[in-house]
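Have a look at the structure below before the remarks.
None of the figures in this text is laboratory data; all of them are computed from the coordinates on show. Quantities reported herein were computed from a predicted structural model and do not represent experimental measurements. For neighbour counting, all protein chains shown are included, and Cβ atoms are generated from backbone atoms with ideal geometry for every residue, glycine included.
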Amino acid sequence: MLHQFLLQPRSVYVESRHYPPACMISAPEPDNELDRIAALRHYNILDTDAENAFDELTTLAGYICGTPIALISLVDSHRQWFKSNVGLDAKETPREIAFCAHAINGPDVFVVNDTLKDERFADNPLVTNDPNVRFYAGAPLTTPGGYALGTLCAIDRKPRTLSSEQLDALRILGEQVISQLELRSKISRLNETNAELEKTKRKLERARDKAQESNRLKSQFLNTISHELRTPLTVILGNIHLLTDIDDVPDPEEAVEIAKDVEKSGEHLLSLVNDLLDLSKIEAGKLILKPGIVTSKELVADIESTVRGMSLFRAKDLDFHVVAADIRMITDALRLRQILLNLLSNAVKFTDSGRICLTIREHQDQVMLSVTDTGCGIAVEDLDHIFQPFRQIDEVSTRRITGSGLGLAITRKLSELLGGEITVKSRVDHGSTFDVTLPREYPLSA
């Protein structure tokens with residue numbers, strides 16, 4: 001097929017005019033220079049490694065034209081860079097002395113039969129010094145969009161003339177260089193597309209795994225919550241039966257103890273129901289906040305009284321300590337109290353002895369609230385999960401603390417609704433610290 005092309009003289013080339021030697025003349029920039037450079041960059045070919053497909057075309061060009069040097073030259077903003085070079089060690093030269101910078105201004109093969117007889121090149125450093133160019137023929141590498149990126153050129157150290165068949169072959173090989181660039185670009189885009197598809201696939205797989213894990217946790221939660229709801233109801237109904245048994249009426253002291261068990265179970269049941277309702281409202285976007293003025297003094301008095309009144313707190317050897325600056329803020333007092341009580345009740349659950357501390361301080365326009373305990377701490381692998389719904393803290397490897405598994409999830413969601421965030425630091429056997437950062441004034445945009 002190539003032999004047939006060589007026998008068909010279809011190419012018209014630009015013959016150089018003969019001038020006396022004069023000062024070198026640099027090539028003017030093409031009218032579409034900015035778009036041409038953009039097209040060149042689009043191929044992502046500059047400064048890439050050698051590739052066999054291009055080297056074979058360059059070798060064939062030198063063989064057909066009978067020249068010791070053949071190049072695939074790409075004309076960049078300030079240089080010509082050689083994607084492939086045969087017979088020349090250089091990888092690039094300045095654009096102002098590049099023969100190819102002239103070649104890209106014409107539609108067809110650009111030929112200089114004898115550089116010493118052409119005023120544009122007679123004083124060119126590439127002519128007067130190594131590699132001593134005396135002959136040049138360059139076929140423009142023109143993209144389907146009409147931009148000449150550079151040339152496939154044949155160079156000799158002595159004057160010569162190419163036949164029309166050789167020039168036609170050089171042009172055809174130049175078209176093959178563009179075909180290789182197009183193929184390379186399409187393969188690159190295909191690889192990028194495949195990479196994006198693979199990334200999307202991984203995202204979908206993670207989303208699927210997350211959904212499956214969420215469903216598993218919800219199923220586990222339903223089993224847990226069913227048990228948690230049934231237990232206090234069983235206690236309440238059983239104790240009420242004792243109180244109403246006509247044949248075996250308890251004495252007053254026994255009746256008081258029974259009533260306490262009923263009260264305790266009722267409080268637990270109410271807490272579970274409230275957690276479910278709160279989470280449902282938050283996720284449905286129906287939880288209405290009621291911002292107002294809150295002072296740290298009033299908040300601490302309420303919180304301290306509640307914590308010290310917890311039956312679990314009284315049953316343990318715990319010291320509750322409060323350090324609070326005198327702060328006045330605008331937020332939802334009920335939800336702020338709920339956040340702190342959730343954190344403090346968790347601290348009480350997981351601390352058998354030692355200290356629990358509530359700290360309230362301010363920094364610029366933010367209020368910092370911290371709950372620190374000396375309890376069992378949280379394992380590193382659990383820290384990423386404790387704020388997820390339907391997760392229960394398992395801080396102690398030898399026991400489980402019962403609960404809905406919603407407390408910390410609600411706490412985080414409430415913190416975010418109030419315009420803040422919550423973080424945790426913990427070490428096993430060294431306790432935990434939960435930090436809540438809130439704006440001093442509830443954001444109007446919330």
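With a 10 Å Cβ neighbour count serving as the proxy for reagent exposure, in which order, fewest first, do 290, 83 appear?
Taking fewest neighbouring Cβ atoms as first place, the list is 290, 83.
Once the cut-off is 22 Å, how many percent of the Cα-Cα pairs in region 2-190 end up in the long-distance tail?
41 percent
Pull out the extension gain between residue 300 and residue 88, defined as 0.36 nm times the separation in residues minus the alpha carbon to alpha carbon distance; nm, one decimal.
Using 0.36 nm per residue and subtracting the Cα-Cα distance, I get 68.0 nm.
Would you mind putting 54-63, 24-33 in packing order, based on average other-beta-carbon counts within 10 Å, highest first?
Ranking the peptides 54-63, 24-33 by packing returns 54-63, 24-33.
According to the square roots a ≥ b ≥ c of the eigenvalues of the Cα gyration tensor, what is the shape class of region 15-106, taking rounded for a/c under 1.5, prolate for a/b larger than b/c otherwise, and oblate for the remainder?
Since a/c reaches 1.5 but b/c is at least a/b, the shape of region 15-106 is classed as oblate.
With +1 on the Cβ of every Lys and Arg and -1 on the Cβ of every Asp and Glu, and nothing else charged, how large is the dipole of region 2-190 about its Cα centre, in debye rounded to the nearest 20?
Result for region 2-190 is approximately 160 debye, rounded to the nearest 20.
Modelling each spin label as a point 7 Å along the Cα-to-Cβ direction, I'd like the residue 55/residue 158 distance in nm, to one decimal.
Distance between the two pseudo-spin positions: 2.9 nm.
Calculate the spin-label point distance for residue 288 paired with residue 198, positioning each point 7 Å from the Cα along the beta-carbon direction, and give it in nanometres.
The answer from the label model is 5.3 nm.
Using unit Cβ charges (K, R positive; D, E negative) and no other charged atoms, how large, in debye to the nearest 20, is the dipole of the chain about its Cα centre?
920 debye
Let me have the relative contact order for region 292-439, percent, based on Cα pairs under 8 Å that are six or more residues apart.
So the answer I get is 22 percent.
Highest mean first, how do 194-205, 251-262 rank when packing is the count of other Cβ atoms within 10 Å averaged over residues?
Packing proxy ranking, top to bottom: 251-262, 194-205.
Per-residue ellipticity at 222 nm for the chain, helices alone: DSSP H runs ≥ 4 residues times -39500 (n - 2.57), over residue total, nearest 500 deg cm²/dmol?
-15000 deg cm²/dmol
Looking at the chain as a GNM with Cα springs under 10 Å, which of 129, 239, 191 has the largest mean-square fluctuation?
Maximum fluctuation in the GNM of the chain, among the listed residues, is at 129.
All other residues with a Cβ under 14 Å from the Cβ of residue 278 taken together, and with Lys, Arg as +1 and Asp, Glu as -1, what is their net charge?
+2
For residue 416 paired with residue 213, estimate the spin-label separation in nm (one decimal), with each label point 7 Å from Cα along the Cα-to-Cβ line.
1.6 nm
Subtract the Cα-Cα distance of residue 123 and residue 380 from 0.36 nm times their separation in residues, and report this length gain in nm to one decimal.
85.2 nm
Lys/Arg Cβ at +1, Asp/Glu Cβ at -1, dipole of the chain taken about the Cα centre: which of 407, 131, 272 is farthest positive-ward?
Going by the Cα projections, it comes out as 131.
Go through 50, 179, 329 and say which Cα lies farthest out towards the positive end of the charge dipole of the chain; charges sit on Cβ, +1 for Lys and Arg, -1 for Asp and Glu.
Checked the options; the winner is 179.
Among 290/349; 218/281; 210/281; 218/286; 218/413, which pairs are too far apart, with a Cα-Cα distance over 26 Å?
Beyond 26 Å between Cα atoms: 290/349.
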